[in-house]
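Inspection log for the structure reproduced underneath, given as structure tokens.
The values are calculated or read from the model by the stated rules, or taken from the named source; none is laboratory data. Keep in mind that what you see is a predicted model, and the values were worked out from it rather than measured. Every residue, glycine among them, receives a Cβ derived from its backbone with ideal geometry; neighbour counts consider all protein chains shown.
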Amino acid sequence: MADYEILNESNEVINVIVADESFVKANYSSYRLRAEPGTTEQNARQWRNEELKSTDYIVPLSDHPQRAAYMTYRTTLRDWPSTSNFPATKPELGS
């Protein structure tokens, strides 16, 4: 689920909805993913860097019960800036 701006023919926002992208694609011809208020690429990168730093301790712990999930999360965090979801939708652990 994400916030989407529904646009008119002039590319003006006429509505904002929370939905899955498949629903938006099926029901609207013109839309865009809405960035969280105040989110900029710089803020998003700073948040991502803090998330990576806060999970650094997992890397050397081969017996940590959630190591695989954290390693996947860290990869998702590193790849996030090159995705279409950047900076609007932050990655989450376990998704």
Exercise. How many of the residues making up the stretch 13-41 are surrounded by fewer than 12 Cβ atoms within 10 Å (Cβ to Cβ), part of a helix (DSSP H, G or I) and within 14 Å of the chain's Cα centre (by Cα)?
Worked result: 1
For this session: Go through (1) touching a residue at least 12 places away in the same chain (Cβ under 8 Å); (2) part of a helix (DSSP H, G or I) one by one and return the number of the condition Asp79 breaks.
Result: (1)
Exercise. Here is a list of conditions, (1) assigned to a helix (DSSP H, G or I); (2) farther than 29 Å from Asn8 by Cβ, and Ala44 meets all of them except one; can you say which number that is?
Worked result: (2)
Problem set entry | Candidate set: the stretch 1-12, residues that are free of Cβ contacts under 8 Å to residues at least 60 places away in the same chain and surrounded by 13 or more Cβ atoms within 10 Å (Cβ to Cβ); chosen: the one nearest to Ser84 (Cα to Cα) | Tyr4
For this session: Would you please name the residue that is farthest from the chain's Cα centre (by Cα), looking only at residues in the stretch 69-95 that are farther than 15 Å from Asn43 by Cα and modelled with pLDDT under 95?
Result: Gly94
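Quick check on Val18: is it without any contact (Cβ under 8 Å) to a residue 24 or more places away in the chain and under 23 Å from Pro81 (Cα atoms)?
Numbers: without any contact (Cβ under 8 Å) to a residue 24 or more places away in the chain: yes; under 23 Å from Pro81 (Cα atoms): yes.
Judged against the criteria, Val18 is a match.
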Problem set entry | Among the candidates Leu93, Leu61, residue that is farther than 21 Å from Met1 by Cα, assigned to a loop (DSSP other than H, G, I, E, B) and among the hydrophobic types (A, V, I, L, M, F, W, C) | Leu61
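Could you tell me whether Ala35 is modelled with pLDDT under 95 and either out of contact with any Phe, Trp or Tyr (no Cβ under 6 Å at 6 or more places or on another chain) or in the same structural domain as Phe23 (by TED's automatic domain parsing) (or both)? Outline the logic, then answer.
Values: modelled with pLDDT under 95: yes; either out of contact with any Phe, Trp or Tyr (no Cβ under 6 Å at 6 or more places or on another chain) or in the same structural domain as Phe23 (by TED's automatic domain parsing) (or both): yes.
So Ala35 passes the test.
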For this session: Would you please name the residue that is surrounded by the most Cβ atoms within 10 Å (Cβ to Cβ), looking only at residues in the stretch 46-95 that are closer than 26 Å to Glu21 by Cα and of a type in the set (A, V, I, L, M)?
Result: Leu77
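Assess whether Tyr4 counts as being assigned to a helix (DSSP H, G or I) and not polar (S, T, N, Q). Reasoning before the result, please.
Working: assigned to a helix (DSSP H, G or I): no; not polar (S, T, N, Q): yes.
For Tyr4, the condition - assigned to a helix (DSSP H, G or I) and not polar (S, T, N, Q) - is not met.
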